[in-house]
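Novice: Handing you this structure, nothing more for now.
The values are calculated or read from the model by the stated rules, or taken from the named source; none is laboratory data. For clarity, every value in this text was computed on a predicted model and none was experimentally measured. A quick note on method: Cβ atoms are made from the backbone with ideal geometry, for glycine too, and the neighbour counts reach across all protein chains shown. We work out accessible area using only protein heavy atoms, side chains counted, and drop any ligands, DNA or RNA first. Shrake-Rupley method; radii C 1.70, N 1.55, O 1.52, S 1.80 Å.
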Amino acid sequence: MNTGLHNTSEIGRLKKVLLHRPGGELENLMPEYLERLLFDDIPYLKEAQKEHDAFAECLRQQGVEVVYLTDLVVNSLTSGEIRADFIRQFLDESSIRDDRLRESLAEYLGKMPDKEMVSAMMAGIRKSQLRQGGAKLGDFLAAAEDDYPFVVDPMPNLYFTRDPFAVIATGVSIHKMHTATRNRETLFGKFIFEHNPEYMHAPRWYDRGETSSLEGGDILILSPEVLAVGISQRTREDSIDTLAESVLTYEKTNFKKILAFNIPKSRSFMHLDTVFTMVDRDKFTVHPNILSSITVFVMELDENRKIAIRQEEGRLEEILKEHLHLDSVTLIPCGQGSEIDAAREQWSDGSNTLAIAPGEVVVYSRNYVTNRSLEEAGIKIHTIPSAELSRGRGGPRCMSMPLWREDP
């Protein structure tokens, strides 16, 4: 059965990709609530949208079909019953407990056309908007969480479509995110993969109802047989066990092993794809700090089809050579290995590249030191502007979820 999904590598020619064009959620960022919403800065929306449009156009010029998260969600609302259920679950996940407030929000959202409603959910809902929408809740709203200006928080991280779910082979893992503020994002994936006619038949490797966190930035498909997952600040060991069990025992995939990389648990090493990404069959961008030694747990099925795990320590280069059966591996350090340049360009995701074909990647123009290294290694680069997009701490890979790649 065609599930509308096919992704067996990091580098196979990209044919279809999911993006989210930044919207009103960025204009609902406030300095005093940045930490709560996992942002370090406030991007200027108009410029961020221009940069994102340039990203989408860059992909289209290379023959990639671009689809948008909002449209996929709208196409999932195929009946009045599903739409009502969507609003109900959205209010549940926004922790709206008061009956009067729930009723008012349901009415406020329910009156909107589908696309406007989905955009409003993503942007967050201000108390002032609800009042203007006719809600007779003045005293209650004023008291709700003191001076906090939102009834529903914005979801500013949505333009990083890599994290809430991941396409692996012909299936999908829908994630339980590490933080409550991002976990709401996965509701959109739930409805896409349950109700969108194009994607509703995809096998499910992991589900958002699990108790342990898993995020898409920690999942790299190194080959049709090898999956890498980061044990990181935001992905837990239990989650990887669950993912490995479902992926390795499913008979219609070719995956033979999962490599669980133990990476530092800090914001600068947030996900595995901020530490290294694959740019060609034997070439990878890397953060210089992991060049000395790294611990990896190799997960495979034993003769009884049970998961067996062994621990390996070694240089990243040797681990990749062994498990990908390569004669040699080229590691391209962020910032050409300079401590200062690497720190600066790592901050703006110099190691976070999106491969659109073997040896061909999309990068941020600002990471010019790392970009020069890529070109010197024979990689073709497409640069996109990023003065505002980079303020969210994510690069081209973070901002994209491949739905269909050709096999490498």
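Novice: How much length, in nm to one decimal, is gained on full extension between I307 and Y148, taken as 0.36 nm per residue of separation minus their Cα-Cα distance?
Specialist: On the way: separation 159, 0.36 × 159 = 57.24 nm, distance 4.78 nm.
Full-extension gain reported as 52.5 nm.
Novice: State the extension gain, in nm to one decimal, for the chain segment bounded by H201 and R100, taking 0.36 nm per residue of separation less the distance between their alpha-carbons.
Specialist: My answer for the length gained is 32.6 nm.
Novice: Need one number: nm distance between label points at S365 and N183, each 7 Å from Cα along Cα→Cβ, rounded to one decimal.
Specialist: Label-label distance for S365 and N183, simple model: 4.1 nm.
Novice: Moving on. Distance from a point 7 Å along Cα→Cβ of D40 to each backbone N in segment 377-408: keep the residues under 18 Å and list them by number.
Specialist: Backbone N within reach: 386-399.
Novice: Which whole-number percentage describes the relative contact order of the chain, with Cα contacts under 8 Å and a sequence gap of 6 or more?
Specialist: 23 percent
Novice: Something else: First compute the accessible area of segment 187-339 with a 1.4 Å probe, then give the percent of it belonging to carbon and sulfur atoms.
Specialist: That share works out to 44 percent.
Novice: For V67 and N2, what is the calculated FRET efficiency with R₀ set at 22 Å and r taken between the beta-carbons, to the nearest 0.05? Please list the in-between numbers first.
Specialist: Numbers: r = 16 Å, r/R0 = 0.73.
For V67 and N2, the calculated efficiency is 0.85.
Novice: Quick one: work out the % antiparallel among DSSP beta bridges in the chain, nearest 5.
Specialist: Working: 36 of 58 bridges.
Restricted to the chain, the bridges split so that about 60 percent are antiparallel.
Novice: Then there is this: List the trypsin sites (Lys or Arg not before Pro) within segment 63-103 that DSSP assigns to loop and that have no more than 10 neighbouring Cβ atoms inside 10 Å.
Specialist: Here the trypsin sites (Lys or Arg not before Pro) that fit, given the DSSP loop and packing criteria, are R97.
Novice: In addition: Would you mind putting 225-232, 64-71 in packing order, based on average other-beta-carbon counts within 10 Å, highest first? Let's see the in-between values first.
Specialist: Details: 225-232: 23.1, 64-71: 16.9.
The packing order, highest mean first, is 225-232, 64-71.
Novice: Follow-up. Taking the simple approach of a point 7 Å from Cα along Cα-to-Cβ for both E81 and E339, what is their distance in nm?
Specialist: Here the modelled spin labels are 6.5 nm apart.
Novice: I would also like to ask the following. For segment 62-134, just say rounded, prolate or oblate: build the C-alpha gyration tensor, square-root its eigenvalues into a ≥ b ≥ c, call rounded for a/c under 1.5, and beyond that prolate if a/b exceeds b/c, oblate if not.
Specialist: Verdict is prolate for segment 62-134.
Novice: Using only the Cα atoms of segment 320-408, what semi-axes does the equivalent ellipsoid have when each is the square root of 5 times a gyration tensor eigenvalue? Give whole Å, largest first.
Specialist: 22, 18, 12
Novice: Please calculate how many Å² of accessible area segment 1-111 carries per residue, with a 1.4 Å probe and no DNA, RNA or ligand atoms counted. If you can, show how the numbers build up before the last one.
Specialist: Numbers: 5130 Å² over 111 residues.
Here the per-residue accessible area is 46 Å².
Novice: For segment 304-379, what is the accessible area per residue in Å² when the probe is 1.4 Å?
Specialist: Numbers: 3640 Å² over 76 residues.
Accessible area per residue: 48 Å².
Novice: Out of all Cα-Cα pairs in segment 1-47, roughly what percent, to the nearest whole number, are more than 13 Å apart?
Specialist: Cα-Cα pairs in segment 1-47 separated by more than 13 Å: 69 percent.
Novice: Can you tell me the accessible area per residue over segment 193-258, all protein chains present, probe 1.4 angstrom, in square angstrom?
Specialist: 38 Å²
Novice: Let me ask something else. Would you mind computing Rg(Cα) / (2.2 N^0.38 Å) for the chain, counting N as its residues?
Specialist: Against the empirical 2.2 N^0.38 Å value, I get 0.98 for the chain.
Novice: Quickly estimate the mean residue ellipticity at 222 nm for the chain, helices only: each DSSP H run with n ≥ 4 gives -39500 (n - 2.57), and the total goes over all residues, rounded to 500. Don't jump to the answer; show the numbers that get you there.
Specialist: Values: 13 runs with 125 residues, N = 408.
Calculated at 222 nm, the ellipticity per residue is -9000 deg cm²/dmol.
Novice: Which whole-number percent gives the relative contact order of segment 1-154, counting Cα pairs below 8 Å spaced six or more residues apart?
Specialist: 26 percent
Novice: According to the square roots a ≥ b ≥ c of the eigenvalues of the Cα gyration tensor, what is the shape class of segment 1-130, taking rounded for a/c under 1.5, prolate for a/b larger than b/c otherwise, and oblate for the remainder?
Specialist: Values: a/c = 2.30, a/b = 1.36, b/c = 1.68.
Note, shape of segment 1-130 comes out oblate.
Novice: When a/c reaches 1.5 or more, the comparison of a/b and b/c decides; with that in mind, is segment 160-253 rounded, prolate or oblate per its Cα gyration tensor?
Specialist: Values: a/c = 1.64, a/b = 1.02, b/c = 1.61.
Because a/c hits 1.5 or more and a/b fails to exceed b/c, segment 160-253 counts as oblate.
Novice: Roll a 1.4 angstrom probe over the protein heavy atoms and tell me the percent of accessible area of segment 27-74 that is carbon or sulfur.
Specialist: The computed percentage sits at 46.
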